[in-house]
Structure formats: C-alpha cells, structure tokens
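Notes to accompany the following structure.
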Amino acid sequence: MNMNEMDRVRGLLREPPPPSAETAAKALALLEDEMAGRRPTAPRAGRRRFGFGWPAGLGLGLVAAGAAAAVAVALTGQGTPGSPDAPAGADLNKQAVLAAAAKVELTPTGKYWYTDRIDGQSYIIRAKTGTYAIVGATTESFNWTGVKKGTGEAYYGRDLPARPLTARDEALWKKAGSPSKFRVWSNDHYSTYTAEATKWRSDVPEVGIDPEGGGEFLGEPAEEWQNLPTDPAKLAEKFLSGEEASRGLNPGAKSGRRPTEAQTASAGIWRTSSILGGTPVPPKVRAGLMRALASLPGVQAIGRVADPMGREGVALATAAERTATITGEYGGPKAERGSYGHRLVIVFDEKTGGVLSVQDTLTKPGGRYAEMKPGFIINYVAVRSSGWTDTKPKPPAELPF
C-alpha cells in the first residue's frame, strides 16, 4: 500500500463530517432493495497451541447486511461517498476493515504475547413462559508465550457460567424463574449446564509456568513469524490459498481435491484468526494479512457487527450461506430437528485491528433455531484480550460476564 493509499485509509479514522441528504437517501434505498429481495451481488480448558479452534462438525454459515451497514455508515457519516477520503463507488464496509488494518500498523510490540479467549455455544430453552437462548459449554483459555526460547510459556483454563445470550433472553429467563441449571440437547445426548464458574486450572499445576518454553508459535520458531512478507498478495499465497489454509488448520493433512471457493473462504477466516490470535507476527504483517483476507474470493465485508460480548466491530464473512439439517438419527427431540442457514463471520476491533471474535451466525431461521432471528450467534470464539506485554501476564481474576 503506497503513501497515498495509507493517507486515505488513515483519513477514514478521523472524525467524519455529517453525511449529505443524498448519501443518506442512497443508503436507505439500498436497504429498501435488500428488504425487497433486490440485493445486488456483493463483489475446553487446556493447552491449545493453535490460538483458535472449533469442535469438529460445526458448520459454516449471515444474511448479507451490506445495505443495513450502509445505512449505519451514512447516518454516522463514516467514510461517506464523495468525501476526499473515500473515492466514489468504494466499498465502505471493506474500507472500514482496511482502516482497522492501518491501526494495526501503529501498535507496539513486547517480550511476551498473550491471548485470553472464550469459547461458547448457544442452546435454546423452550420454557412455558417463552423461548430464550443461553450460552453453555463456555470455557475461558488464557495463555502467554515468550518470544525467545527459554523465556517461558503458560496455559490456563476455566469453565464459565451458563447464562442468557442477550438482554431479551435474560428477560425471558427471569420470567421463567431465573433457573440456575439448564438441561439441553447437545450433539447426541442431554447435558446440564450451571450458572457456576470453576477456578483457573493450569497445565503445570505446581507453578503454572513452563520456564523452558517460549520461542515457538503454532509449531514454528518465532523467527519464522517475524520474517514474513508484508505484501497482502504474498501472504495470501502463503496462508490463504485453499490447500494452504486447510493444511494450516490441520497440520500433516494430505492434499486432496481442490477446495471450493466457499471452503477456501472459511478456511481462510480460520487461518487468519489463528495467526492473528496466536502468533507474534509484526504489526505490518498483521495488517497485510487482514488486507489479504478482505480481498480473498468468497469473503465479503458486511459492515459493523456485534460480537458475543456485546462489542461492536467491523466484520468479514463467507459470502456463501450453508445449510445444516438435523435429523432424528441420534435420537434428538423433534424441536431440535430441521434445517437452517448459517455462515462464518470474523469481527475486528475498529480501534486496534485486533480480532474480537469468529462466530457461526444464523442466516435463515429453521429447525432448532426456528424462533431465532438472522444474526443469532450459534457458536463462537471470542478474544477477551490479546497483545504484547513486557512482563509475564496472569489470567484475570474477574469473570468476563
């Protein structure tokens, strides 16, 4: 990215002028087209070294929110068309992601890289007083690694309380008597989740730290990550091509049939989140990888999206929707059966460019999610915090929720 492009992207980060009436009208027209179906085609706790992961068998899946996001952009004046910072015809949602990438280039580095992440899965509670959603099977993982070998590493984990997913769900939970236990169908059996947390556990219970660790991330020496190219095209070739992205998430996997565009897009999102969440790549490499993902075929910018912790960020998503069909093969109750549409979304912090979450999001209600609305978060991995520090970090005592 040359200096003119960088100036334009950084310009998007300044406080924008109010939008014109024409801009707002165009954005509202886009929303009306979206609602009328005339949307144009969008160009558990333990030692986890791979930064991000998701239980096998979970599908990928969000109805395109570009028009609605365009309305939000128009009403807030961010990067309005016709302004000197956004050329006419620019994809404002993508520009927002690029602006976040520019922020990454300004972040500092340190001696230790840490990640505090939360994994959760949503379940539907069909109470007589009203159906609501909870988040269960929720764990928090905290790990840090020294950049140099022999500077140490540590991995911690704890179970988090099951809880209502949103404020609306909380109201319906209270209406149902505020139960502290939730019995739900999970995969092929019933599980009960409670509103209690466990204490932090460590891979090295005696001291919590492996003093001989450090210097390695995702199975590669820190030097390898420090010496990567910054050019988005080169990073895309190295990490986000179909076979490379899939192999990066499944080390040792053999090459098979060429992945489809949709498969490459979803693997690219996971590979990007794994690298950004679990390795100390230099800021310019992180920014380049974000730009590479934003340009990957099958991935589209969808504007601002809220993550499972209620934080809003700029998002990229797989353009293709996938359909999941649940049958009674494993004895699940009838209410759990049927088909629904979903897709994968990655949310970035607009202020820092860091990954906020990767979430499987409902696009077409049906089956077990028949009473939920598009945008409902089915499963997720959220980053509570991550980054550099010059001192050995400790897992937080307070709960995230």
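The values are calculated or read from the model by the stated rules, or taken from the named source; none is laboratory data. The model shown is predicted, which means the values in this text are computed figures rather than measured ones. A quick note on method: Cβ atoms are made from the backbone with ideal geometry, for glycine too, and the neighbour counts reach across all protein chains shown.
Look through Glu223, Glu212 and report the one residue that is of a type in the set (Asp, Glu), at pLDDT below 90 and more than 26 Å from Leu98 (Cβ to Cβ).
Glu212
Go through region 112-161 and give me each residue that's in a strand (DSSP E or B), modelled with pLDDT under 95 and on the phi > 0 side of the Ramachandran plot.
Correct list: Ala137 only.
Tally time: how many residues in region 206-243 are out of contact with any Gly (no Cβ under 8 Å at 6 or more places or on another chain) and aromatic (Phe, Trp, Tyr)?
1
Being over 25 Å from Thr260 (Cβ atoms) and at pLDDT 95 or above is the filter here, so list the residues in region 350-364 that pass it.
Leu356
Any idea which of (1) in a loop (DSSP other than H, G, I, E, B); (2) within 21 Å of Asn93 (Cβ to Cβ); (3) in contact with a Ser or Thr (Cβ under 9 Å, 6 or more places away or on another chain); (4) not basic (Lys, Arg) is the one Met309 doesn't satisfy?
Going through the list (1) in a loop (DSSP other than H, G, I, E, B); (2) within 21 Å of Asn93 (Cβ to Cβ); (3) in contact with a Ser or Thr (Cβ under 9 Å, 6 or more places away or on another chain); (4) not basic (Lys, Arg), Met309 breaks only (2).
Output the residue which, of all residues in region 286-306 that are in contact with a strand residue (DSSP E or B) (Cβ under 8 Å, 6 or more places away or on another chain) and in a helix (DSSP H, G or I), is surrounded by the fewest Cβ atoms within 10 Å (Cβ to Cβ).
Once the filter is applied, the top-ranked residue is Ala294.
Restricting the search to region 196-209, which residues are surrounded by 14 or more Cβ atoms within 10 Å (Cβ to Cβ) and at pLDDT below 85?
Of everything in region 196-209, those that are surrounded by 14 or more Cβ atoms within 10 Å (Cβ to Cβ) and at pLDDT below 85 turn out to be Asp203, Val204, Gly208, Ile209.
In region 326-333, is there at least one residue being at pLDDT 95 or above and of a type in the set (D, E, K, R)?
no
Could you tell me how many of the residues in region 97-124 are charged (D, E, K, R), closer than 22 Å to Trp225 by Cα and out of contact with any helix residue (DSSP H, G or I) (no Cβ under 9 Å at 6 or more places or on another chain)?
The number of residues fulfilling the criteria is 2.
If you take the residues of region 95-143 that are among the basic types (Lys, Arg) and surrounded by fewer than 19 Cβ atoms within 10 Å (Cβ to Cβ), which of them is nearest to the chain's Cα centre (by Cα)?
Lys111
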